[in-house]
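The values are calculated or read from the model by the stated rules, or taken from the named source; none is laboratory data. Not measured: the values here are computed from a predicted model. Here the Cβ is made from the backbone with ideal geometry for all residues, glycine too, and neighbour counts use every protein chain on show.
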Amino acid sequence: MTLAEFVSRHPRLYHRTLADAWPRIRAWGLLSTAALLDRFEINGPARARIERERRPESVVIEHPQHGRVRLNDQRPLSDATLAPALRDGLAPADWYALLNARVFFWVDEDRLARMLGTYQRWRNVVLVLDTARVLADHAPRVTLSAINSGYSLRAAQPRGCDTFCRLGDFATHRFNANGKRIRREVAECALDYALPNVENYLVELREPKSSSHA
């Protein structure tokens, strides 16, 4: 897929976060879990538990200067269903590390709405970003996935080292077992490590009507 094709199909990127996180995001940018752990100087076994193990509940990390940050849970994943779906010698711990190294965006409103339904107990905001502007500055660090990489509960789709494709490597079609050519859609977009200066790309800061206070 070319940059122009992706921008044409998906002119907006959507990122859900907690409403009280917005001031920090304005100051620091959108940070992956790995980037937050770096900033909060969390290392050793405590870091490994967060980065390489499933989080059944959200986790709060603290720092004397930076305060408190809540990391999302990973309830839509399960070691039992994830392990058989993994390829290329990956273990669940490796998959969690791959996820935690990225900042994720939905590329359409339908998938965004489903995620908001899952997290409706929190007061959410949605950052709506201009795809063209993000790619103009960060295209080499962008990956695309044809699956929801953070879900494995029912009928977990196979996944491996090639799940996260660079723009030019994402095939827009595939062939099924009968040799029929099938269009391949982008399910999610991710950026390695962090997206600084978020306001440069922000089109809208949206508070969904369904959000409620925790």
What are the residues in region 25-63 that are at pLDDT 95 or above, within 23 Å of residue 195 (Cβ to Cβ) and among the small types (Gly, Ala, Ser), if any? 27, 29, 32, 34, 35
Restricting attention to region 72-111, which residues are without any contact (Cβ under 8 Å) to a residue 40 or more places away in the chain and either small (Gly, Ala, Ser) or in contact with a Leu (Cβ under 7 Å, 6 or more places away or on another chain) (or both)? 80, 83, 89, 91, 92
In the set 88, 94, 110, which member is modelled with pLDDT under 95 and surrounded by fewer than 18 Cβ atoms within 10 Å (Cβ to Cβ)? 110
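Can we say residue 76 is surrounded by fewer than 16 Cβ atoms within 10 Å (Cβ to Cβ) and farther than 21 Å from residue 164 by Cα?
Details: surrounded by fewer than 16 Cβ atoms within 10 Å (Cβ to Cβ): yes; farther than 21 Å from residue 164 by Cα: no.
The answer is no for residue 76.
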For residue 132, are the conditions met, namely being assigned to a helix (DSSP H, G or I), hydrophobic (A, V, I, L, M, F, W, C), on the phi < 0 side of the Ramachandran plot and modelled with pLDDT of 95 or more? yes
Qualifying positions in region 24-38 - buried (at least 16 other Cβ atoms within 10 Å of the Cβ) and among the basic types (Lys, Arg): 24
Out of all the residues in region 156-178, is one or more surrounded by fewer than 10 Cβ atoms within 10 Å (Cβ to Cβ), on the phi > 0 side of the Ramachandran plot and not hydroxyl-bearing (Ser, Thr, Tyr)? no
Conditions first: (1) loosely packed, with under 15 Cβ neighbours inside 10 Å; (2) assigned to a helix (DSSP H, G or I). Residue 120 passes all but one, so which condition is the exception? (2)
Which one of these does residue 114 not meet: (1) without any contact (Cβ under 8 Å) to a residue 12 or more places away in the chain; (2) part of a loop (DSSP other than H, G, I, E, B)? (2)
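For region 55-71, which positions are more than 21 Å from residue 97 (Cβ to Cβ) and either out of contact with any helix residue (DSSP H, G or I) (no Cβ under 9 Å at 6 or more places or on another chain) or touching a residue at least 60 places away in the same chain (Cβ under 8 Å) (or both)?
62, 64, 65, 68
Considering 153, 144, which residue is touching a helix residue (DSSP H, G or I) at 6+ places or on another chain (Cβ under 9 Å), in a loop (DSSP other than H, G, I, E, B), of a type in the set (A, V, I, L, M) and closer than 27 Å to residue 87 by Cα? It would help to see each step written out before you state the result.
Values: 144 fails: in a loop (DSSP other than H, G, I, E, B).
Within the list 153, 144, the selection yields 153.
For region 1-26, how many residues are farther than 26 Å from residue 121 by Cβ and free of Cβ contacts under 8 Å to residues at least 60 places away in the same chain?
2
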